[in-house]
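Novice: So that we are looking at the same thing, I have put the structure below in structure tokens.
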Amino acid sequence: MFDLILRNATLPDGRSGLDIACRDGTIAAVEPRIGAEAREVLDAGGQLVSPPFVDPHFHMDATLSLGRPRMNVSGTLLEGIALWGELKPEQTVDEIIARALRYCDLAVSMGIGAIRSHVDVCDDELKGVQALLEVRRQVAPWLELQLVAFPQDGVLRDASALDNLTRALDMGVEVVGGIPHFERTMEEGAQSVRLLCEIAAERGLRVDMHCDETDDPLSRHVETLAFETQRLGLQGRVAGSHLTSMHSMDNYYVSKLIPLMAEAELHAIPNPLINIMLQGRHDTYPKRRGQTRVRELRDAGINVAFGSDCVMDPWYSLGRACMLDVAHMGLHVGQLSSREDMRWCFDAVTVNPARAMGLEGYGLEVGCRADFVLLQAEDPIEAIRLRAHRLAVVRGGRIISRSAPVTHELRLPGRPEALNPAAYAPKPATPDAG
């Protein structure tokens, strides 16, 4: 007797007609037509079943705070940081908890199973840290929340940031963050990378730095991050987030930089929605897209994972916790238009961020956690094209969210009355009869 059997599923790798059987929170079998009973049975109807979406870069302490204390009129990164600085002393721990829990509910319904959230430690009361540690505790049964100690105002630039960051780690925050390009000088930026990586190495923690989130091609702190990663033996445990300056760097320098990053086994985390909104604001025309060199990083063997970064906060006034929106934008901005490229973009919001976060038991193989999402799409490309509707979300072998398929009713003479959006998917080409 299984707890749940999902029947007739199509997997992201193209295998179809498979049943997924779950027992005690784990995937116990993946095979055609499992002849056993289960307490609950869900028919996938040949639709796509994916491991949970994973968001490797978010700011949950700021989410859903749009308009407080006012709107970001310029739309720039720096005005957003200034607005956040005005909001921090006003908000309470309870307010942050309430907003974050509302967002977590939305994220779960959209099939997100894990989020890495940066939490600002440039606040002597550490209100964000207190709040998100409590949120992490509350949502643990259905959402994995990984926290990054993030010195928003610069770990050297802000007088109490280093002490606050250490306190946050002592309280249970598990990743070391940084923002070297926001320090006062390039030299202090490099010093901050070295200092923060040493703290992570001493504590056995991962590192995720906002790195070179600027249009300045001379902001090259990711080079220092790669060096310190190798010096301290942190390979595979360090991520550089944003990396937008790489979009503007000299090609010859990038030809040296990317192999250094690959050698250090860095993870790269672009945030397509936010990067293209905030970057290039000082340009006239042509305007730089702002997204880092996704294709080149990927082709060099670097693990590239797309993050969402913000939803309705001082930096971004849109968003709906949809990682398929993120993949869709990353695909367009990166001109990732081949069939292989588009399937890879689905990986960039599932398996790649799971790897960057070091998630254990992630996937759709026997022995993995029984966590997955049923999508109203036939394959990963169609899922991105349609930003597919989430039909069911399963956590620990239990359905925790479910909704009816999306259909449209037409009332046109001689035309079908019910239409699934997927019906407009192109059919495979057939040989010319002539």
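Novice: Treat the count of other C-beta atoms within 10 Å as a stand-in for reagent exposure and order H118, H389, H59 from fewest to most.
Specialist: The fewest-first ordering by Cβ neighbours comes to H389, H59, H118.
Novice: Let me ask something else about it. Can you find, among M329, L386, H221, the residue sitting farthest towards the positive end of the charge dipole of the chain, where Lys and Arg contribute +1 and Asp and Glu -1 at Cβ?
Specialist: L386
Novice: In addition: Quick one: Cα centre-to-centre distance for the stretch 46-85 and the stretch 253-278, in angstrom?
Specialist: What the calculation gives is 20 Å, centre to centre.
Novice: Based on DSSP H runs of at least 4 residues, each adding -39500 (n - 2.57), what is the mean residue ellipticity at 222 nm of the chain after dividing by all its residues, to the nearest 500 deg cm²/dmol?
Specialist: The helix-only estimate for the chain comes to -10000 deg cm²/dmol at 222 nm.
Novice: Cross-link partners among aspartates and glutamates for K256, C-alpha distance below 16 Å, same-chain residues fewer than 8 apart left out?
Specialist: The qualifying aspartates and glutamates are E223, E265, E296, D299.
Novice: Loop-only check: which GluC sites (Glu not before Pro) in the stretch 328-381 are DSSP coil with at most 15 other Cβ within 10 angstrom?
Specialist: Listed in order of number, the matching sites are E360, E365.
Novice: Next question. In whole angstrom, note down how far apart the Cα centers of the stretch 356-385 and the stretch 87-159 are.
Specialist: Centre-to-centre (Cα) distance: 25 Å.
Novice: Would you mind telling me the antiparallel percentage of the DSSP bridges in the chain, rounded to 5?
Specialist: 40 percent
Novice: Now for a different question. Please compute the contact order of the chain in relative form: average sequence separation of alpha-carbon pairs under 8 Å and at least six residues apart, divided by the residue count, as a percent.
Specialist: After rounding, I find 18 percent.
Novice: Using unit Cβ charges (K, R positive; D, E negative) and no other charged atoms, how large, in debye to the nearest 20, is the dipole of the stretch 53-357 about its Cα centre?
Specialist: 760 debye
Novice: What order do you get for I269, I384, I112 when you list them from fewest to most C-beta neighbours inside 10 Å?
Specialist: So the ranking, lowest neighbour count to highest, is I384, I112, I269.
Novice: Next question. Can you find, among L374, P52, H282, the residue sitting farthest towards the positive end of the charge dipole of the chain, where Lys and Arg contribute +1 and Asp and Glu -1 at Cβ?
Specialist: L374
Novice: All other residues with a Cβ under 14 Å from the Cβ of M277 taken together, and with Lys, Arg as +1 and Asp, Glu as -1, what is their net charge?
Specialist: Net local charge, M277 excluded: -3.
Novice: Which one of L126, L169, A98 has its Cα pushed farthest toward the positive end of the charge dipole of the stretch 53-357, where Lys and Arg give +1 and Asp and Glu give -1 at the Cβ?
Specialist: Farthest towards the positive end: A98.
Values in this text are rule-based calculations from the coordinates and carry no lab data. Predicted, not measured: the structure shown is a model, and the values here were computed from it. Reconstructed Cβ throughout: ideal geometry from the backbone, glycine too, with neighbour counts over all protein chains shown.
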